[in-house]
Amino acid sequence: MRKALFSACAALALAFGVAATAETVAITNARILTAGPAGEIASGTVVFRDGKITAIGANVAAPAGARVIDAHGGVVAPGFFATSSLLGAVEVGSLGNDLQVDNPEIGAAFDIQYGLNPESGLLPIARLGGLTSAVVLPIPAGGRGDGDEEDDDASDYTAGPDHDGPKSHALFAGQGAVINLGSEDGVLTKARVAMVAPFGQGGAAVAGGARGAQIVALKQALADVRDYMNNKAAYDRGGYRELALSRGDLEALIPVVEGKMPIVAVVHRASDIRQVLAFAHDEHVKVILDGAQEAWMVAPQIAQAGVPVLLNPLDDRPESYEELAATMDNAGRLAAAGVTVALESTGGSARVRETRYGAGNAVSHGMTYAAALAAITINPAKIFGVADRTGSLEQGKDADLVIWTGDPFEPLSQAVAVYIHGQPQPMTSRQTELRDRYKTLGGPLPPAYSHP
């Protein structure tokens, strides 16, 4: 079955070219994991045209004239999300990044969309792991605490006296974006999806060294934003009091105080999570918890507040005194408590291809399969405001989908075809091209390299 599926999809990739979205395509004889209201379809068909899914179900027939792809019993699933990633903004972390600034005039105003690189060599690697979308977030002071500093080199960007790299002393790290991982231009799906801010030890570092100082500073910053909103005319004339934040930061924070843009609170310790929840309640702002290694300890409070959580399901080793209660049961316990969970990968760039392995590990530590699938598909789409177009296989949504040889959480399964907006993606990366170039080293040269 796998060999037949590989052969069919290889022929398909050669035949499609750039005109694929003009055709009607029907993927038949597939086990479909919709991550939507239809749940799992044991054997069904997905039809798409012009980049959109037009029909899906067990009793859907391939339209006349459609290009039919027999999945041979393989799995069709939504493309996965790389949540809280560095894709498109970092190539090699130690050689520079577009994720953090050290400018007293630009904190909240920093907008990651302007530094995205659609030609990044990391995007094809991620696609081969079944990823079609990414949530790209600025790195706050103190880093992400995602459990693998060597991959994203966040330690090079942290604030504090022991680090020589770029230092951000802003209360807010800037605004993130959702991107697609397509091989064509125009990777931006949605800009300004969230405002990132460090809490706990990271927040203390930017506020003078104490957690309490950060909360006070944040409350004052949001008060200044509200004051600025109510007295813009006076500020325009220069006849009003001076504020601590720059004009750009004040403007960027208006959607936050209006409840239109959530704050991604990078936080780890249970006590700090309680403070974030209290801060959000007092200030009437939306928050998303990121990192949250000790979130399971306050799961009922998080669920009651309706606050989503972004976490790495492999975090089980205390990287600091903020993470002493880290456990691989975190995701399962939170989901069981009714918390909306989105799974991150270890690091945020080259290793995001392992996102599906993290989901499988979450299942082995108590998360249901359906919850784990949602945590890398529809949940991040909902959290960051793009669920109307992607994140699940439903009629009218973008045809962002992957054909797998088997269960995508099983390491031996392989993605044999990836579609983004209905467009077939190259199933190669620089690594596979180098492999193919040098795999015959020491043996006879391929015909193209033979001398006359």
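The values are calculated or read from the model by the stated rules, or taken from the named source; none is laboratory data. Given the structure is predicted, the values throughout are model-derived calculations rather than measurements. For neighbour counting, all protein chains shown are included, and Cβ atoms are generated from backbone atoms with ideal geometry for every residue, glycine included. Surface accessibility is based on the protein's heavy atoms, side chains included, excluding ligands, DNA and RNA. Shrake-Rupley method; radii C 1.70, N 1.55, O 1.52, S 1.80 Å.
Some observations on this one:
- Set VAL206, VAL187: member being in contact with a His (Cβ under 8 Å, 6 or more places away or on another chain), buried (at least 24 other Cβ atoms within 10 Å of the Cβ) and among the β-branched types (Val, Ile, Thr): VAL206
- As a summary of the residue check, MET297 satisfies the conditions (1) more than 30 Å from TYR228 (Cβ to Cβ); (2) under 22 Å from the mean Cα position of the chain (by Cα); (3) open to solvent by 40 Å² or more (accessible area, probe 1.4 Å) except for the one numbered (2).
- Positions within region 346-376 being within 14 Å of PRO411 (Cβ to Cβ) and among the aliphatic types (A, V, I, L, M), in sequence order: ALA359, VAL363
- Residue within region 54-61 that is hydroxyl-bearing (Ser, Thr, Tyr), under 29 Å from GLY186 (Cβ atoms) and out of contact with any Phe, Trp or Tyr (no Cβ under 7 Å at 6 or more places or on another chain) present: no
- Condition met for ALA244 (among the aliphatic types (A, V, I, L, M) and either in contact with a Leu (Cβ under 8 Å, 6 or more places away or on another chain) or open to solvent by less than 70 Å² (accessible area, probe 1.4 Å) (or both)): no
- Annotation: of all residues in region 264-282 being more than 25 Å from PRO318 (Cα to Cα) and of a type outside the set (Gly, Ala, Ser), the one that is most open to solvent (accessible area, probe 1.4 Å) is HIS281.
- Among (1) crowded, with 24+ Cβ neighbours inside 10 Å; (2) more than 22 Å from LEU401 (Cβ to Cβ); (3) at pLDDT 85 or above - the single one GLY145 does not satisfy: (3)
- The residue of region 236-286 that is nearest to ALA305 (Cα to Cα), among those that are touching an Asp or Glu at 6+ places or on another chain (Cβ under 9 Å), of a type outside the set (A, V, I, L, M) and free of Cβ contacts under 8 Å to residues at least 60 places away in the same chain, is SER271.
- Subset of region 45-61 (residues that are without any contact (Cβ under 8 Å) to a residue 40 or more places away in the chain, open to solvent by less than 60 Å² (accessible area, probe 1.4 Å) and not in a strand (DSSP E or B)): VAL60
- Residues of region 346-367 classified as under 12 Å from the mean Cα position of the chain (by Cα) and open to solvent by less than 10 Å² (accessible area, probe 1.4 Å), total: 5
- Looking across region 302-336 at every residue that is assigned to a loop (DSSP other than H, G, I, E, B) and among the aliphatic types (A, V, I, L, M), the one that is nearest to PHE384 (Cα to Cα) is identified as VAL307.
- Taking each residue of region 377-394 that is farther than 14 Å from ILE179 by Cα and looking for partners that are of a type in the set (A, V, I, L, M, F, W, C) and surrounded by fewer than 18 Cβ atoms within 10 Å (Cβ to Cβ) with beta-carbon atoms closer than 8 Å, six or more apart or interchain, yields LEU393/ALA38; GLU394/ALA38.
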